[in-house]
Amino acid sequence: QVQLVESGGGLMQPGGSLRLSCAASGFSNSAYAMSWYRQAPGKERELVATISSYSSSTRYADAVKGRFTISRDNAKNTVYLQMNSLKPEDTAVYYCKKGTPNASWGQGTQVTVSS
């Protein structure tokens, strides 16, 4: 059974850093594109970053380029999102997504950036 469990969210001051983790089970995350999305209150869910299968090339939303880094640890079957220089507008629930076929979502982890 495919399962994605996010962790690492919390409250951080502007300029700080957080690292989100997405622990996968029921499949090998290296065989799929994996993505992080976020959804702020009253807004649509938006793509933040994607790491491709096998080659592990990465793509980022313009709003986070140069600040966020997506990576994976195949031995731990885990995908990470390192978030630096956090801004209040980064406040959102962050979700991990397994790519197709049979796309699947995690339950999300709250990130709040506030002084």
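The values are calculated or read from the model by the stated rules, or taken from the named source; none is laboratory data. Bear in mind that the values here come from a model prediction, so they are computed numbers and not experimental data. Positions of Cβ are backbone-derived with ideal geometry, glycine not excepted, and every protein chain shown enters the neighbour counts. To get the accessible areas, we keep the full protein, side chains included, count just its heavy atoms, and leave off ligands, DNA and RNA. Shrake-Rupley method; radii C 1.70, N 1.55, O 1.52, S 1.80 Å.
Scanning the range 71-95 for residues that are open to solvent by less than 50 Å² (accessible area, probe 1.4 Å) and more than 14 Å from S30 (Cα to Cα) yields L81, M83, L86, D90, T91, A92, V93, Y94, Y95.
Taken together, V2, V79 contain a single residue that is of a type in the set (V, I, T), within 14 Å of the chain's Cα centre (by Cα) and under 19 Å from T109 (Cβ atoms), which is V79.
Residue pairs whose Cβ atoms lie under 9 Å apart, separated by 6 or more positions or on different chains, with the first residue in the range 50-67 and closer than 15 Å to Y37 by Cβ and among the aliphatic types (A, V, I, L, M) and the second open to solvent by 60 Å² or more (accessible area, probe 1.4 Å) and part of a loop (DSSP other than H, G, I, E, B), are I51/S57; A63/K87.
Residues N102, N29, N77: which one is among the polar types (S, T, N, Q) and on the phi < 0 side of the Ramachandran plot?
On the way: N102 fails: on the phi < 0 side of the Ramachandran plot; N77 fails: on the phi < 0 side of the Ramachandran plot.
Going through N102, N29, N77 in turn, the sole match is N29.
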